[in-house]
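Values quoted throughout were computed directly from the atomic coordinates according to the rules given, and no laboratory measurement underlies them. These numbers come from a predicted model, not from an experiment. When we count neighbours, we look across all protein chains shown, and the Cβ atoms used for this are built from the backbone with ideal geometry, even at glycine.
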Amino acid sequence: MGKNQHVVPHKNKWAVKGAGNNKATKVTNTQGEAIDIARGISKNQESELVIHRRNGQIREKDSHGKDPFPPRG
């Protein structure tokens, strides 16, 4: 399983960052572009996508790992 991918605000743009990384993998003009890129990376690495709001709060999570189904109670 790879690093979780985070979509975070970056100055007046949006960045895709791997968990624990200081440098952005990619900086885009829109959050939508960043989400598309991060989703592709997280699917490829079978990790989690974490989307943040402008204020840094987590807006949404999307798991692309091998989660057990049904989930444990």
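Only Lys, Arg, Asp and Glu carry charge here, each on its Cβ (+1 for the first two, -1 for the last two); on that basis the chain has a dipole of about 280 debye about its Cα centre.
The residues packed around GLU33, meaning those with a beta-carbon under 13 Å from its beta-carbon, carry a net charge of +2 if Lys and Arg are +1 and Asp and Glu are -1.
The lysine pair tally for the chain, using Cα distances under 16 Å and a gap of 8 or more places or different chains, is 15. Close amide H pairs (under 5 Å, H built 1.01 Å from N) link ARG59 with ILE51, HIS52, ARG53, residues at least 5 positions away or on another chain.
For the chain, taking Cα atoms only, Rg and Dmax work out to 12.4, 41 Å respectively. The share of C-alpha pairs in segment 9-50 whose separation exceeds 17 Å stands at 24 percent. If r is the Cβ-Cβ distance from ASN22 to GLN45 and R0 is 22 Å, what FRET efficiency results, to the nearest 0.05? Approximately 0.75, to the nearest 0.05.
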